[in-house]
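In what follows, a structure is listed as structure tokens, so that the remarks can point back to it.
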Amino acid sequence: MFVNKCHHVLSTRTSTRRLLKGVTTWKRCLTTGSREPEGPVVATEIPGPRSRSLLQELNSIQQASSVQFFADYEKSSGNYIMDVDGNALLDVYMQISSMPLGYNHPAMLEALADPVNQKIIANRPALGVFPAKDWPNRLKNVLLEKEVAPPGLSHITTMMCGSCSNENAFKNIFIWYAEKQRQGAPFTKEEIESCMINEKPGSPHYSIMSFKGAFHGRTLGCLSTTHSKYIHKMDIPAFDWPIASFPEYKYPLEENVRENQQEDKRCIAEVEELFERYKNEKRMPVAGVIIEPIQAEGGDNHASSEFFQELQRVTRKHGAALLIDEVQTGGGPTGKMWCHEHFNLSTPPDVMTFSKKMQLGGYYHLEDFKPKQGYRVFNTWMGDPSKVILLEAILEIIKKENLLDRVTRVGDYMLKNLKDLQNEHSNTINAVRGRGTFIAFNCASSQLRDAIVKKLLTKGIQAGGCGSQAVRLRPALTFTERHADIFFDALRSVLKE
Ligand code: PSZ
């Protein structure tokens, strides 16, 4: 069984200098490749006895039925998550796609051990009013750096999580849209008074168009654009905002080109029709359209570059903003920093939200979207500089180790292997699809999907489901062919069973 010697060095030394020394030792382990276990270790059923007892404890103080097991983050390492019962699982789900370098990456630990950074962590500012002296530089050198920022988007607003990024991006779009109508005129007395009691014209009836199957978060505004599962939405009031069909393709794509082109056309026609209907009948003009480059929670639904190009054209024609939600697709898993870079859009999207692998949330936007007045998009923290420290360390590793190229290479390898498996087991799995290592396949039924994910766990693989019958892979950017082989061995034996 795997013994994490490196971990021992780290956890038993406490002073900063010693911690750094510990990290160095760990790094050495990394270069010899012994930082991770050789493979998964399954010591108990999962959840094991210690997880079950902790779950009981947690359940007595909160609703915890979503908890799968309790992890040991001190011992987790690289692509392996360790649980409290001594199981080491190859993690191809990575905290819902939010760990770009896996667990306890030495570069991230090193950044946290730096005394200068410790003061940044200890003094979390209200960024909208008292940013630190190095904040403009950090934004420019980390988030707006040319290999990081989406091409053509020069402005950034930082936030905390994915939902609050989308939520504030919506507001930003409404402010921009109203400003266009107002054409530079100041707020009227009527607007000022009516907005205070949620009435027109100060609280205009604008809408955000979204797509069936989308997931954009669970906060109150975002939830009106989320349509992936009823349990997310039940009992919560929603805006009457337009919802268009997202393309549903037939697989394999090569054999269904014509049908899928028709499907693109059908969905774009629906978008056009909704623009008209909400303007004329509903009197609730569409100010913005929000879309994921790949619908993730909704089942890893892909759409063609042509579809996104057309959507951008139609959105612009109607004077609305295109908001691309890269919360799950962003930060490298598709082999490019941002998935929409695969689509050859003629101009950048107006707004693009991020979170997850980027460690903090926020959105990039065109200069036009900067509100004229301060305090209109605002909250206490407006992001978190301590997360930018981690992000900086992550981006350096991505660059130094060419991780985006690796993602492309390993992703191709995985897709090829999965397609072979699909041919061998065509009654069980189908519709293998993906970009980079952002990969999914469908199972013949949702029961079968749940059974496969469960069985994979017994073989030491932590995978996740999405949509009604898909298994999704969301490994770290550090996932290699060797890890993929371990995954395929497990999947092959599950499919045989
Ligand atoms: O069940 C949930 O609440 C989940 S499971 C996965 C997510 C949420 N993903 C978050 C997410 C996302 O995938 C996209 C495309 N947009 C927005 C969000 C919301 O981000 P958070 O969860 O950070 O608020």
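The values are calculated or read from the model by the stated rules, or taken from the named source; none is laboratory data. The model shown is predicted, which means the values in this text are computed figures rather than measured ones. Glycine gets a Cβ as well: all are built from the backbone with ideal geometry, and neighbour counts include every protein chain shown. Each accessible area value is taken on the protein alone, full model and side chains, heavy atoms only, with ligands, DNA and RNA left out. Shrake-Rupley method; radii C 1.70, N 1.55, O 1.52, S 1.80 Å.
When the stretch 448-457 is filtered for residues that are open to solvent by less than 60 Å² (accessible area, probe 1.4 Å) and touching a residue at least 40 places away in the same chain (Cβ under 8 Å), the ones remaining, listed by number, are 452, 457. In summary, helices (runs of 4 or more DSSP H) completely within the stretch 379-497 and bearing 1 or more residues that are in contact with a Ser or Thr (Cβ under 7 Å, 6 or more places away or on another chain) occur at 403-424, 446-458, 481-496. Kindly establish whether residue 360 is among the hydrophobic types (A, V, I, L, M, F, W, C), away from the ligand (no atom under 16 Å from the Cβ) and modelled with pLDDT of 95 or more. For residue 360, the condition - among the hydrophobic types (A, V, I, L, M, F, W, C), away from the ligand (no atom under 16 Å from the Cβ) and modelled with pLDDT of 95 or more - is not met. Residue pairs whose Cβ atoms lie under 9 Å apart, sitting 6 or more positions apart in sequence or on different chains, and linking a residue in the stretch 183-205 that is in the same structural domain as residue 283 (by TED's automatic domain parsing) to a partner that is surrounded by 13 or more Cβ atoms within 10 Å (Cβ to Cβ) and aromatic (Phe, Trp, Tyr), are 195/187; 202/187; 204/174; 204/177. Pairing residues of the stretch 320-341 that are over 13 Å from residue 149 (Cβ atoms) with residues that are more than 15 Å from the ligand (Cβ to nearest atom) and of a type in the set (S, T, N, Q), at Cβ distances under 7 Å and at least 6 apart in sequence or on separate chains, gives 322/312; 322/315; 333/437; 335/408.
Residue pairs whose Cβ atoms lie under 8 Å apart, sitting 6 or more positions apart in sequence or on different chains, and linking a residue in the stretch 164-181 that is under 12 Å from residue 372 (Cα atoms) to a partner that is β-branched (Val, Ile, Thr), are 172/157; 172/351; 172/377; 175/377.
Based on what the data block shows, is residue 111 open to solvent by less than 30 Å² (accessible area, probe 1.4 Å), more than 30 Å from residue 286 (Cα to Cα), part of a helix (DSSP H, G or I) and away from the ligand (no atom under 16 Å from the Cβ)?
Values: open to solvent by less than 30 Å² (accessible area, probe 1.4 Å): yes; more than 30 Å from residue 286 (Cα to Cα): yes; part of a helix (DSSP H, G or I): yes; away from the ligand (no atom under 16 Å from the Cβ): yes.
Yes: the conditions hold for residue 111.
Selection of the stretch 344-357 for residues being more than 13 Å from the ligand (Cβ to nearest atom), open to solvent by 10 Å² or more (accessible area, probe 1.4 Å) and under 20 Å from residue 167 (Cα atoms) yields only 350. Give the residue that is modelled with the lowest pLDDT, with candidates limited to residues of the stretch 458-473 that are open to solvent by 20 Å² or more (accessible area, probe 1.4 Å) and in contact with a strand residue (DSSP E or B) (Cβ under 7 Å, 6 or more places away or on another chain). If we take residues in the stretch 458-473 being open to solvent by 20 Å² or more (accessible area, probe 1.4 Å) and in contact with a strand residue (DSSP E or B) (Cβ under 7 Å, 6 or more places away or on another chain), then 465 is modelled with the lowest pLDDT. Only residues that are within 12 Å of residue 209 (Cα to Cα) and surrounded by fewer than 19 Cβ atoms within 10 Å (Cβ to Cβ): list them for the stretch 238-266, please. Hits for the stretch 238-266 are 239, 240, 243, 245. For the criterion of being surrounded by 22 or more Cβ atoms within 10 Å (Cβ to Cβ) and in contact (Cβ under 8 Å) with a residue 12 or more places away in the chain, residue 385 passes. Of all the numbered requirements in (1) within 16 Å of the ligand (Cβ to nearest atom); (2) without any contact (Cβ under 8 Å) to a residue 24 or more places away in the chain; (3) aliphatic (A, V, I, L, M), residue 257 misses one, and that requirement is (1).
Can you tell me which residues in the stretch 370-382 are at negative phi and surrounded by 11 or more Cβ atoms within 10 Å (Cβ to Cβ)? Write out each step before concluding.
We begin by selecting, within the stretch 370-382, every residue at negative phi; these are 370-374, 376-381.
370, 371, 376, 377, 378, 379, 380, 381, listed by residue number.
For the stretch 140-171, name all the residues that are assigned to a helix (DSSP H, G or I) and more than 16 Å from the ligand (Cβ to nearest atom). Of everything in the stretch 140-171, those that are assigned to a helix (DSSP H, G or I) and more than 16 Å from the ligand (Cβ to nearest atom) turn out to be 140, 141, 142, 143.
Residues are listed down the side, and each one gets a yes or a no for (1) open to solvent by less than 30 Å² (accessible area, probe 1.4 Å); (2) within 30 Å of residue 436 (Cα to Cα); (3) part of a loop (DSSP other than H, G, I, E, B); (4) of a type outside the set (Asp, Glu):
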site: 53; (1), (2), (3), (4): no, no, no, yes
site: 68; (1), (2), (3), (4): no, yes, yes, yes
site: 81; (1), (2), (3), (4): yes, yes, no, yes
site: 86; (1), (2), (3), (4): no, no, yes, yes
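From the list 367, 401, 392, 341, pick out the single residue that is of a type in the set (Asp, Glu), crowded, with 18+ Cβ neighbours inside 10 Å and more than 16 Å from the ligand (Cβ to nearest atom). Full working, then the answer.
Details: 367 fails: crowded, with 18+ Cβ neighbours inside 10 Å; 401 fails: crowded, with 18+ Cβ neighbours inside 10 Å; 341 fails: crowded, with 18+ Cβ neighbours inside 10 Å.
So the residue among 367, 401, 392, 341 that is of a type in the set (Asp, Glu), crowded, with 18+ Cβ neighbours inside 10 Å and more than 16 Å from the ligand (Cβ to nearest atom) is 392.
Mind listing whichever residues of the stretch 267-277 are under 17 Å from residue 305 (Cα atoms) and either open to solvent by 10 Å² or more (accessible area, probe 1.4 Å) or not assigned by TED's automatic domain parsing to the domain that holds residue 244 (or both)? Walk me through how you get there before you give the answer.
Filtering the stretch 267-277 down to residues under 17 Å from residue 305 (Cα atoms) leaves 267-269, 271.
Hits for the stretch 267-277 are 268, 269.
Taking the conditions exactly as written (among the acidic types (Asp, Glu) and within 16 Å of the ligand (Cβ to nearest atom)), does residue 264 satisfy them or not? Even if it seems obvious, please write down each step before you answer.
Details: among the acidic types (Asp, Glu): yes; within 16 Å of the ligand (Cβ to nearest atom): no.
No, not satisfied.
With respect to the conditions (1) open to solvent by less than 50 Å² (accessible area, probe 1.4 Å); (2) part of a loop (DSSP other than H, G, I, E, B); (3) in contact with a helix residue (DSSP H, G or I) (Cβ under 8 Å, 6 or more places away or on another chain), residue 117 lacks only one, and its number is (2).
Would it be correct to say that residue 315 is more than 13 Å from the ligand (Cβ to nearest atom) and in contact (Cβ under 8 Å) with a residue 60 or more places away in the chain? The answer is no for residue 315.
Scanning the stretch 278-302 for residues that are open to solvent by less than 20 Å² (accessible area, probe 1.4 Å) and over 17 Å from the mean Cα position of the chain (by Cα) gives 278, 286, 287, 288, 289. Among the candidates 136, 150, the residue that is farther than 26 Å from residue 221 by Cβ and assigned by TED's automatic domain parsing to the domain that holds residue 225 is uniquely 136.
Would you say residue 383 is within 16 Å of the ligand (Cβ to nearest atom), more than 23 Å from residue 472 (Cα to Cα) and small (Gly, Ala, Ser)?
Working: within 16 Å of the ligand (Cβ to nearest atom): yes; more than 23 Å from residue 472 (Cα to Cα): yes; small (Gly, Ala, Ser): yes.
When the stated conditions are applied, residue 383 passes them.
Within the stretch 177-213, being surrounded by 14 or more Cβ atoms within 10 Å (Cβ to Cβ) and touching a helix residue (DSSP H, G or I) at 6+ places or on another chain (Cβ under 7 Å) holds for 201, 202, 203, 204, 206, 207, 208, 209.
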